[in-house]
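The values are calculated or read from the model by the stated rules, or taken from the named source; none is laboratory data. What you see is a predicted model; the values in this text were computed from it and never measured. Glycine gets a Cβ as well: all are built from the backbone with ideal geometry, and neighbour counts include every protein chain shown. Heads up: the accessible areas ignore ligands, DNA and RNA and are worked out on the full protein's heavy atoms, side chains in. Shrake-Rupley method; radii C 1.70, N 1.55, O 1.52, S 1.80 Å.
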Amino acid sequence: SGDDTKRRRGFLRMREDAQKGKFQVVLAWDQDRFGRFDPFEGGYWILPFRNAGVRLETIAQGRIDWNDFAGRLLYLVQQEAKHAYLRDLSRNVLRGQVAKAREGRGADGSAPYGYRLDDDRRVIVPEEAAIVRRIFEEYLSGGAIRGVAASLNANGILSPRGKQWRSSTIRSLLVNKKYTGDFIWGKYAAGYYYGTNDGEIIPRQKTDKRQCTNPIEHPDHFEAIIDRKLFEAVQRRLKRQRRDTSPLHQKGQRFMLTGLLKCGHCGYAMIG
């Protein structure tokens, strides 16, 4: 995105070359091709070019003179309009996505491990789905999250990223309600300018952190990998474990060997 300048590698390289005196002019079709940052942020990115004596030449606006009062004023007004267009575009795109999600149309983001996307629908991948069911069943039968990961690694089963399984990966699968076949859209507010909560569009800032929201849900929209009864039983066990372990350090340990006793087979900490 023209407003995500810190990730524009070509732009950053161009700025470095400008400071080294490798060129004197930047040519662009329009000033928004140079960047769609707002005027305040724009000053941070433009100053190294101006200090190096580099100017911007555009087809649409002509020469952009950052050293002249009238030139700077004109640039700022035009740049604010370019940035406003970007925000409006973001809101309009999100509005279309919300309308589609309310009707349960299309896919609800990327497919989790065990599924693949096929024409905007989640389709089960049998081999992966079997591993997902194993994870849920082993955990519910009394296994610890670390133990489940160790078991998969011992069997040479690779994680979704093609590496060894980690506790965090196992936990993320165990809490993913999409495995029940539910359509879930908008679980997080993560947009630069707008996000959603309960299907309503809410304004955001680029500096805002991603936060959980109330998503749009349609139960039993896709084929389930995990039975809802099994999923809810796993959630209850996860909740009990959080309740059992998190207060221990505050109210006195329940088990004397917590953090000390290790499994002689896999090396993980034993859990009471």
> Do we find a residue being aromatic (Phe, Trp, Tyr) and within 28 Å of residue 263 (Cα to Cα) anywhere in region 134-145?
Replying inline: yes
> Quick one: would you say residue 110 is within 17 Å of the chain's Cα centre (by Cα), surrounded by fewer than 13 Cβ atoms within 10 Å (Cβ to Cβ), modelled with pLDDT of 90 or more and over 16 Å from residue 226 (Cβ atoms)?
Replying inline: no
> So which helices (runs of 4 or more DSSP H) are wholly in region 1-79 and hold at least 2 residues that are open to solvent by 90 Å² or more (accessible area, probe 1.4 Å) and not hydrophobic (A, V, I, L, M, F, W, C)?
Replying inline: 9-19, 39-51
> Which pairs do you get when a residue that is of a type in the set (A, V, I, L, M, F, W, C), found in region 35-48, comes within reach of a residue that is outside any helix (DSSP H, G or I), reach meaning Cβ atoms under 8 angstrom, with the pair 6+ apart or on two chains?
Replying inline: 37/2; 37/3; 45/35; 45/37; 46/66
> Which of (1) more than 18 Å from residue 182 (Cβ to Cβ); (2) surrounded by 13 or more Cβ atoms within 10 Å (Cβ to Cβ); (3) at pLDDT 85 or above does residue 208 not meet, given it meets every other one?
Replying inline: (3)
> Which residue, of 98, 93, is among the hydrophobic types (A, V, I, L, M, F, W, C) and open to solvent by 60 Å² or more (accessible area, probe 1.4 Å)?
Replying inline: 93
>> When you scan region 213-222, do you find a residue that is farther than 17 Å from residue 108 by Cβ and open to solvent by 20 Å² or more (accessible area, probe 1.4 Å), even just one?
In response: no
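Output the residues belonging to region 135-161 that are part of a helix (DSSP H, G or I) and either open to solvent by 60 Å² or more (accessible area, probe 1.4 Å) or farther than 17 Å from residue 235 by Cα (or both).
Scanning region 135-161 gives 137, 140, 146, 147, 149, 150, 151, 152, 153, 154.
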> Just checking, which of 130, 144 is free of Cβ contacts under 8 Å to residues at least 40 places away in the same chain and over 30 Å from residue 37 (Cα atoms)?
Replying inline: 130
> Out of curiosity, is residue 87 open to solvent by 30 Å² or more (accessible area, probe 1.4 Å), among the charged types (D, E, K, R), in contact with a Pro (Cβ under 6 Å, 6 or more places away or on another chain) and not in a loop (DSSP other than H, G, I, E, B)?
Replying inline: no
